[in-house]
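What follows is a short report on a single structure.
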Amino acid sequence: MTWPRCGTPTNGRFDRLVLSIVYPHEPRTIVRIAPAHEAVVCWNTRQPKGRIDLTAYRADGQVSSWLPYVAFDANERRSLNGRDDVASLETDILSSGEAIVAIEVRSEGELDAIVISTPVHAPRPTVDANGVMLDVPPLSQYVPAYPDQRGWCSPASLAMLLNFWGGSYTVEAVAEAVMDAAYGGTGNWAFNAAFAGECGLRGAVIHLDGIAHAAAFVASGIPLALSFSWKDELAGAPLAHSTGHLAVLRGFTKHGHPQFNDPAHPDLTTMYDRASFERVWQRHGGIAYALVPQERSNELLRLANG
């Protein structure tokens, strides 16, 4: 099957990009991406209600049906987990057994931006952030008024990033805003990025190629929330093990070890060994939340794509 030519702001170099951002003017937009077996599709909008469906275009010429992705309104957000024989959606990840080369996004409701990230290795920037420490206000994921909620690391990390950029958000308010009713959790990556867009920032989920890549953001004054997991190999971790956790990278020691605001840590601010952390983070996908003011969207693209 043939499919229409489509443009991105990448001047034909889409096959090398980790991250693409487009600003749709129509309800349907096709975005070329670096060939990959999976992608995270995010959106930013100020609209209180909408629904998004995706179509995957594969390198072998196969095209999926319209896959239900998400639906949201003022009261509820829900991932829809669409799938067919060509591609499938699992909460916030679009995947296929063959490489996906483009994604069509159909939206009921106006979108400010579509942000698509793929786990493709970008050139590592040679930026030294040793000794750089950003003033990110720490927050705990353990809120006394909600003693039964033990898994709010994602909204806590997002609230820290929002507050760094001038917001005033509580963990419980962010948790309510990003809750995915389909599985009853607050860790849907795309919903967290969408709430940042609702707050007037450019919110993105991005794949980064190691700590050196993340350091380029910190050196530019941009903290990141990193998603990682571990068994027993991360010394100083707040839990014995985790299948998925988020903490805010706020800087580096003078010796290059990453400094975090970890919402599960008793001290909140903590340091992890650089090599040990890089292993557990990259094994988990190298995912990060990145938030910037909208006028810095091009800088976000430049940093993500090395």
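The values are calculated or read from the model by the stated rules, or taken from the named source; none is laboratory data. What you see is a predicted model, and the numbers here were worked out from it, not measured in a lab. FYI the Cβ positions are ideal-geometry reconstructions off the backbone, even for glycines, and counts take in every protein chain you see.
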(request) Report the residue count in the stretch 76-102 for those that are more than 17 Å from the chain's Cα centre (by Cα) and either outside any strand (DSSP E or B) or of a type in the set (Val, Ile, Thr) (or both). (result) 10
(request) Report whether or not residue 246 is closer than 22 Å to residue 298 by Cα and not in a loop (DSSP other than H, G, I, E, B). (result) no
(request) Quickly run through the stretch 1-58 and pick out the residues that are touching a Phe, Trp or Tyr at 6+ places or on another chain (Cβ under 8 Å), outside any strand (DSSP E or B) and at pLDDT 95 or above. (result) 49
(message) Please verify whether residue 289 is among the aromatic types (Phe, Trp, Tyr), more than 21 Å from the chain's Cα centre (by Cα) and at negative phi, treating the condition exactly as stated.
(response) no
(request) Would you check which residues across the stretch 230-246 are under 15 Å from residue 288 (Cβ atoms) and either out of contact with any Cys (no Cβ under 7 Å at 6 or more places or on another chain) or of a type in the set (Phe, Trp, Tyr) (or both) and list them? (result) 244
(request) Test residue 189 against the stated conditions and say whether it is aromatic (Phe, Trp, Tyr), at pLDDT 95 or above, buried (at least 17 other Cβ atoms within 10 Å of the Cβ) and under 18 Å from residue 285 (Cα atoms). (result) yes
(message) Quick check on the stretch 250-306: of everything there that is free of Cβ contacts under 8 Å to residues at least 40 places away in the same chain and either part of a helix (DSSP H, G or I) or in contact with a helix residue (DSSP H, G or I) (Cβ under 6 Å, 6 or more places away or on another chain) (or both), which residue is surrounded by the most Cβ atoms within 10 Å (Cβ to Cβ)?
(response) 257
(message) With the structure loaded, tell me whether residue 120 is touching a strand residue (DSSP E or B) at 6+ places or on another chain (Cβ under 7 Å), in a loop (DSSP other than H, G, I, E, B) and buried (at least 16 other Cβ atoms within 10 Å of the Cβ) or whether it fails that test.
(response) yes
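Residues are listed down the side, and each one gets a yes or a no for (1) among the small types (Gly, Ala, Ser); (2) free of Cβ contacts under 8 Å to residues at least 24 places away in the same chain; (3) in a strand (DSSP E or B); (4) surrounded by fewer than 16 Cβ atoms within 10 Å (Cβ to Cβ):
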{"residue": "131", "(1), (2), (3), (4)": "yes, no, no, yes"}
{"residue": "136", "(1), (2), (3), (4)": "no, no, no, no"}
{"residue": "148", "(1), (2), (3), (4)": "no, yes, no, yes"}
{"residue": "176", "(1), (2), (3), (4)": "no, yes, no, yes"}
{"residue": "193", "(1), (2), (3), (4)": "yes, no, no, no"}
(message) Condition first: touching a residue at least 60 places away in the same chain (Cβ under 8 Å) and in contact with a strand residue (DSSP E or B) (Cβ under 6 Å, 6 or more places away or on another chain). Now tell me which residues in the stretch 51-71 satisfy that.
(response) 63, 70
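Step by step: first the residues of the stretch 24-41, then only those that are of a type outside the set (Val, Ile, Thr) and within 18 Å of the chain's Cα centre (by Cα), then the one that is surrounded by the fewest Cβ atoms within 10 Å (Cβ to Cβ). Which residue is that?
Among those that are of a type outside the set (Val, Ile, Thr) and within 18 Å of the chain's Cα centre (by Cα), it is 37.
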(request) Tell me which residues, restricted to the stretch 42-54, are farther than 21 Å from residue 289 by Cβ and surrounded by 20 or more Cβ atoms within 10 Å (Cβ to Cβ). (result) 53
(message) Yes or no: the stretch 220-227 includes at least one residue that is in a loop (DSSP other than H, G, I, E, B), over 19 Å from residue 139 (Cβ atoms) and of a type in the set (A, V, I, L, M).
(response) no
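To keep it simple, each residue is scored yes or no on (1) acidic (Asp, Glu); (2) closer than 21 Å to residue 166 by Cα.
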{"residue": "119", "(1), (2)": "no, no"}
{"residue": "122", "(1), (2)": "no, no"}
{"residue": "126", "(1), (2)": "no, no"}
{"residue": "129", "(1), (2)": "no, no"}
{"residue": "132", "(1), (2)": "no, yes"}
{"residue": "135", "(1), (2)": "yes, yes"}
{"residue": "140", "(1), (2)": "no, yes"}
{"residue": "148", "(1), (2)": "yes, no"}
(request) Provide a single number: the residues in the stretch 92-112 that are crowded, with 19+ Cβ neighbours inside 10 Å, of a type outside the set (D, E, K, R) and within 30 Å of residue 212 (Cα to Cα). (result) 6
(request) Would you mind finding the one in 83, 78 that is modelled with pLDDT of 95 or more and either surrounded by 18 or more Cβ atoms within 10 Å (Cβ to Cβ) or under 30 Å from residue 218 (Cα atoms) (or both)? (result) 78
(message) Give me the residue from the stretch 55-66 that is hydrophobic (A, V, I, L, M, F, W, C) and surrounded by fewer than 23 Cβ atoms within 10 Å (Cβ to Cβ) and, out of that set, farthest from residue 27 (Cα to Cα).
(response) 59
